[in-house]
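Attaching a single structure in structure tokens format; questions to follow.
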Amino acid sequence: MALQPISPNPNPALIELKDVVKTYSSEAGDFTALKGIHLQVQPGEFLGIVGKSGAGKSTLLNMITGVDRLTSGEVRIRASGQEVSVHSLSENDLALWRGRSMGVVYQSFQLLPMLTLLENIILPMDLCGLYHPRESRRRALQLLEMVEIAEHAHKLPAYISGGQQQRVAIARALANDPPILVADEPTGSLDSVTADHIFDVFESLVQKGKTIVMVTHDMGLMPRFSRHLLLTDGEISPPPASLSSASPRPKK
Amino acid sequence: MRPRWRKVFLDLFENKTRMLLVVFSIAVGVFSIGVIAGAYVIIENDMSASYAANQPANIELRTADFDRDFLATLENAPDIAEVEGRRVFNIRARPLQSQVWTTLNLVAVDDFENNTVNLLTSLQGASEPAKREALLERKVLDELSAAVGDDLVFQLSDGSTQVLRVAGIVQDPTTGADDFLAPPIVYVTMDTLPYLSQPEAFNRIYATVETGENDDAHIRLTAADLADRMERGGGVDVYRTRIALKNEHPLAPTVNAVLGILMALGILIVFLSSSLIANTLAALLNQHLRHIGVMKLVGGRDNQIFAMYLALILAFGVLALLLAVPFGGIGAYQLSLYIADQLGFTLLGYRIVPFSFVIQMAVGIFVPLFAGFVPVINGSRITVLDALSGDLAHETATRDAAGRRRESVFERLENWFDELLLRRGIHLPRPLLISLRNTFRRQNRLLLTLFTLTMGGAIFIAVFNVRTTLFDYMDNVGRYFVADVTLDFDKPYRLSEVERLARQEPGVVDVEGWAFAAVEVLYPDGTLAENLTVLAPPAGSEMISPDPVAGRWVQAGDTRSIAITEGILRSFPNLKPGDYLDVKIAGNEERWQVVGFFKFIDREGLIAYGTYEYFSRETNLANRSVSFRVLTDQHAEPYQRAMSEKLDKRFRDAGFQVSQARPGLSALDNATESLDILVIFLLIMAMLTAVVGAMGLTGTMGMNVLERTREIGIMRAIGAVDAEIMRMVIVEGMVIGGISWLLGLLLSVPFTYLLSYIVSLAVFETPITVVFTPLGYLIWLALVIVLSALASIIPARNAARLTIREVLAYE
């Protein structure tokens, strides 16, 4: 397992992408979705990756989470006291590392339909073995309270609204208390009011010290990130001057 | 419960149809193995235990008449523990109210109270008959209806009748245990014999040995010595010697062989059901890809996922065991009861057979684990990306070295076929094309389904072929049963005399007197090898149509020559036509030449044919005979039966001492009846394999439809009506059924040969010529069409019922 103790570095990035290229092959030919991405994310950042459909946003996120394999380049993550070259880990090691160090939230929530909300949140703790079963349960309830749906703890996902399901997905992403949260269009299938509430949750998490990388196609959300990048045709392009933000914490 | 185990628990009941399918497919295999293994153990144990408990005679001698005083001289013969004399003869009986005669074996026992050999178990009424009373062996009740206290009418050889009262019902598991087709037995005391015009003399010896009661060679020697004492010491001819071990039922090897065949089919069912389990689990894993992806996303590792799905399989196994083990136990006992009843022994009581229980547990647990291993390993190793995108859904595509998707062989074949049709201007309806393409989309699933259905079909067809093969063999044996009536007398009559009287009966075409000799074939050391009955029709007889398989048939002018059944090769494997056999006939040792072999069913000793001309002189019965064959103008069994009755009456009325008049086909019918039982068992197993095959197809169609819910929605959105969607699914099921039928057609050929070989060895102790019948092929074709239509109708209805909104929302 390619885990190393963090070397002394005056300004260590939490997430570091070096020349990341991803090419898909098909009978129709090769298609390069990411064309040499360089990116550093600092602890406590709320990074928004904004781009149109097909720009490579989700692919970039999959490179960071290790869900998909890169064609060339490297992704290094320094979390939980260890430095990891994500794509040198085996699938198995990657699963355990991801479960402990990174929470992932998807647009389609991806809750297991047969488990209650509480059980969905306990599941990562159960699989990663960081918490005692009794502690897992207590913690899961706390997380449900944090996302304000504790009263539905014993319901199945099908019986709550989309916004509530996304809150559960966020709570599940936080189950093992990872330093990093990665979210792929988390508000994409929600109405604007609900989406706003979900965004509030993310912002409060950043305030509590979490680092969040979120992709979205909604340009309107850009002011709410502490930093954002525009992804166009697999390349990071400089943000338009009018929208660039230098402040680490934008106003709502 | 931890969430992952709770997920396993909930997955178990998530889809009830699928759960039932998996549980039933495991249960069918466990059940059939449980029934057969259980019956095997129960019968193996109880058959011999029940037999041994009744003190079976190790030695049975059929002799000329002798008295009590002479019997007393045998009690001190070397190594004889117990010896009893009895009188056994054929007699006809009927209930008072009935006019239908039944041929019975009447056994007169000297002392019921101090009976020490071939013990009787009293079932009802008295255990000892008084004078002019009879005890009925319970099998008599299968032939005629009688109860304790009823009167039975017995017909004596002079045509007069006597009435005996039924004093009790008994069971005799030992007498005639090697011939379950022999006539049932009635027991009387010796002092009842005079009423039946029989002398108060014995004609049978039943003896047990002092030592080595399970040592075949030792019993043979003791029997030879005993027979020698009777012949040399007392001048009592010994016609036939039979020996038996104490602790082995004479039919145990045959029953075990038949159970062995059923066991082999049971194992095959397990094998087939395992492919069905593999298929269903692969589909389940496929439907759970997203769940696996999510679990891996939040930290689940391969081994955790693997353990979860293994636990799920185990749970399916446990549910199947809960269902199949109790029924398997009951089935095993019922099967044992049936066999015990047929063969006339008792079981030691209902019980759980540990061996069968362990085998069922092993099959129920390990077969699903084995079958599910590959799908579960594949499912647990899938990457998060593939899992979340459901990328396994496109099984037909292969990938090149660079990971690019390529057309599979099937896809290329389809394209080639489409172009071929187009070039010839043939336009298949689009829905039919979709059905055909859908059939080949999931090749692994298709192959497993085809495998199960093909094997099921091939066995089904093979069983029909085996049935025809067996009956064809019986028809061939029928060549030796051309005569329509067999007329036996208690004493010899002149041929001309019998022929003249018989021909007075309208319908009689021809009459032949046959000579008959009961001889013993000896090993070179002088001990008994086989009992042999020589039938000697006149040379060129019209009453048999012999078909020797080696050498030639006996012909006019032959002396000391016989054609013998292949059964003799058991004792003399190297015997060839032209070789000689040492035989003992009426106390004299002679040397006979074997001129040829023929195929026959060897029951109660072997059969050989000689010429009347020689054997009638040999038995001092020239121009006379005790046994006649009559040919009539019609050959159906009812006609034969009627003619037997008429001839019986005519000869008795004329003062002849008739022993019995039997329809010619009756002996054959009895043997055919026992084959029918075997065929029924084989058919039950064949039906079970067919059921497993059909379950496989139902499962496959269900899974195919479920996975294509979205496609169906799209088709509905662009205008496909219910009937169209149903037709597409049903045609797909029938295409699979049709392919499996064609494959089953081919596979049934080796299966037929294999099964015929095993069955004929078990039943006839000789391989027989295989005969094919279209019946099995046609029935299976009809069945497979119906089954595949039925298997697709439910999934098709479900598919057609879904609304567009539902299917497009389907995940």
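Which fully enclosed helices (runs of 4 or more DSSP H) of segment A:116-218 have 2 or more residues being within 12 Å of chain B (Cβ to nearest Cβ)? Walk me through how you get there before you give the answer.
Working: elements: A:117-128, A:133-146, A:162-173, A:192-207.
Once the helices (runs of 4 or more DSSP H) in segment A:116-218 are filtered for at least 2 residues that are within 12 Å of chain B (Cβ to nearest Cβ), what remains is A:117-128, A:133-146, A:162-173.
Could you identify the single residue in A:Ser88, A:Ser108 that is surrounded by fewer than 21 Cβ atoms within 10 Å (Cβ to Cβ), small (Gly, Ala, Ser) and at pLDDT 90 or above? Before you say what the answer is, go through the steps one by one.
Details: A:Ser108 fails: at pLDDT 90 or above.
Just one listed residue meets the conditions, A:Ser88.
For B:Met455, indicate whether it is at pLDDT below 85 and not in a strand (DSSP E or B). Quick ask: steps written out before the conclusion?
Working: at pLDDT below 85: no; not in a strand (DSSP E or B): yes.
In short, no.
Within segment B:260-269, is there a residue that is touching a residue at least 12 places away in the same chain (Cβ under 8 Å) and within 14 Å of chain A (Cβ to nearest Cβ)? Before you say what the answer is, go through the steps one by one.
Step one: of segment B:260-269, the residues touching a residue at least 12 places away in the same chain (Cβ under 8 Å) are B:260-269.
The next check asks that each one be within 14 Å of chain A (Cβ to nearest Cβ); those that pass are none.
No, that holds for no residue.
Right, here's the next one. Among the residues of segment B:192-213, is there at least one that is surrounded by 22 or more Cβ atoms within 10 Å (Cβ to Cβ), over 14 Å from B:Ala108 (Cα atoms) and in contact with a Ser or Thr (Cβ under 7 Å, 6 or more places away or on another chain)?
Taking every residue of segment B:192-213 in turn, at least one turns out to be surrounded by 22 or more Cβ atoms within 10 Å (Cβ to Cβ), over 14 Å from B:Ala108 (Cα atoms) and in contact with a Ser or Thr (Cβ under 7 Å, 6 or more places away or on another chain).
Something else about it: Go through segment B:266-313 and give me each residue that's over 14 Å from B:Leu388 (Cβ atoms) and over 47 Å from the mean Cα position of the chain (by Cα).
Across segment B:266-313, the qualifying residues are B:Gly299, B:Arg301, B:Asp302, B:Asn303, B:Gln304.
Inspect all residues belonging to segment A:55-67 and state whether any of them is within 18 Å of the chain's Cα centre (by Cα) and surrounded by fewer than 18 Cβ atoms within 10 Å (Cβ to Cβ).
For segment A:55-67, residues within 18 Å of the chain's Cα centre (by Cα) and surrounded by fewer than 18 Cβ atoms within 10 Å (Cβ to Cβ): absent.
If a residue has to be more than 16 Å from B:Arg591 (Cα to Cα) and surrounded by 15 or more Cβ atoms within 10 Å (Cβ to Cβ) to count, how many in segment B:555-568 make the cut? It would help to see each step written out before you state the result.
Residues of segment B:555-568 more than 16 Å from B:Arg591 (Cα to Cα): B:555-557, B:565-567.
With the extra rule that they be surrounded by 15 or more Cβ atoms within 10 Å (Cβ to Cβ), the set shrinks to B:565-567.
Of the residues in that region, 3 qualify.
Oh, and also: Against the condition of a type outside the set (Phe, Trp, Tyr), touching a Phe, Trp or Tyr at 6+ places or on another chain (Cβ under 9 Å) and not in a strand (DSSP E or B), how does B:Val554 come out, does it pass?
Details: of a type outside the set (Phe, Trp, Tyr): yes; touching a Phe, Trp or Tyr at 6+ places or on another chain (Cβ under 9 Å): yes; not in a strand (DSSP E or B): yes.
Judged against the criteria, B:Val554 is a match.
Further question: Does segment A:87-106 contain any residue that is on the phi > 0 side of the Ramachandran plot and either more than 9 Å from chain B (Cβ to nearest Cβ) or not in a helix (DSSP H, G or I) (or both)? Before you say what the answer is, go through the steps one by one.
Step one: of segment A:87-106, the residues on the phi > 0 side of the Ramachandran plot are none.
No, because not a single residue in segment A:87-106 is on the phi > 0 side of the Ramachandran plot and either more than 9 Å from chain B (Cβ to nearest Cβ) or not in a helix (DSSP H, G or I) (or both).
Next question. Scan (1) within 8 Å of another protein chain (Cβ to nearest Cβ); (2) on the phi > 0 side of the Ramachandran plot for the single condition A:Gly44 breaks and write down its number.
(1)
Which residue is nearest to the other protein chains (Cβ to nearest Cβ), if the candidates are limited to segment A:47-86 and must be farther than 26 Å from A:Phe202 by Cβ and among the polar types (S, T, N, Q)?
Selected residue: A:Thr71.
Out of B:Gly159, B:Gly176, B:Gly149, which single residue is assigned to a loop (DSSP other than H, G, I, E, B) and within 26 Å of B:Lys246 (Cα to Cα)? Give the steps one after another, and end with the answer.
Working: B:Gly159 fails: within 26 Å of B:Lys246 (Cα to Cα); B:Gly149 fails: within 26 Å of B:Lys246 (Cα to Cα).
Going through B:Gly159, B:Gly176, B:Gly149 in turn, just one is assigned to a loop (DSSP other than H, G, I, E, B) and within 26 Å of B:Lys246 (Cα to Cα): B:Gly176.
Among B:Asn105, B:Asn115, which is the only one that is without any contact (Cβ under 8 Å) to a residue 40 or more places away in the chain and of a type outside the set (D, E, K, R)?
Numbers: B:Asn105 fails: without any contact (Cβ under 8 Å) to a residue 40 or more places away in the chain.
Just one listed residue meets the conditions, B:Asn115.
Please state which one of B:Leu61, B:Leu21 is at pLDDT 90 or above and either more than 30 Å from B:Arg220 (Cβ to Cβ) or away from chain A (no Cβ under 14 Å) (or both).
Values: B:Leu21 fails: at pLDDT 90 or above.
Answer to the selection: B:Leu61.
Hand me the list of strands (runs of 3 or more DSSP E) wholly inside segment B:605-714 holding 1 or more residues that are more than 26 Å from B:Ile564 (Cβ to Cβ) and in contact with a Phe, Trp or Tyr (Cβ under 9 Å, 6 or more places away or on another chain). Can you show your working first?
Working: elements: B:606-609, B:624-632, B:658-663.
Qualifying strands (runs of 3 or more DSSP E): B:624-632, B:658-663.
Checking B:His218 against (1) within 28 Å of B:Phe70 (Cβ to Cβ); (2) part of a loop (DSSP other than H, G, I, E, B); (3) not charged (D, E, K, R), which test does it fail?
Condition (2) is where B:His218 drops out.
Oh, and also: If only one of B:Ala77, B:Ala81 is of a type outside the set (Asp, Glu) and either modelled with pLDDT under 90 or assigned to a loop (DSSP other than H, G, I, E, B) (or both), which one is it?
On the way: B:Ala81 fails: either modelled with pLDDT under 90 or assigned to a loop (DSSP other than H, G, I, E, B) (or both).
Exactly one residue qualifies, and that residue is B:Ala77.
Every residue in segment B:695-724 that is of a type in the set (A, V, I, L, M) and surrounded by 22 or more Cβ atoms within 10 Å (Cβ to Cβ), please. Spell out how you get there, then give the answer.
From segment B:695-724, those of a type in the set (A, V, I, L, M) are B:695, B:697, B:701, B:703, B:705-706, B:712, B:714-715, B:717-718, B:720-721, B:723; that's our starting set.
Of everything in segment B:695-724, those that are of a type in the set (A, V, I, L, M) and surrounded by 22 or more Cβ atoms within 10 Å (Cβ to Cβ) turn out to be B:Met695, B:Leu697, B:Met701, B:Met703, B:Val705, B:Ile712.
Output the number of the condition that B:Ala324 fails; it satisfies all remaining conditions of (1) within 24 Å of the chain's Cα centre (by Cα); (2) under 30 Å from B:Gln171 (Cβ atoms); (3) assigned to a helix (DSSP H, G or I).
So the condition that B:Ala324 fails would be (2).
The values are calculated or read from the model by the stated rules, or taken from the named source; none is laboratory data. Since the structure is predicted, the reported quantities are computational estimates derived from the model, not experimental observations. Virtual Cβ from ideal backbone geometry, glycine too; neighbours counted across all protein chains shown.
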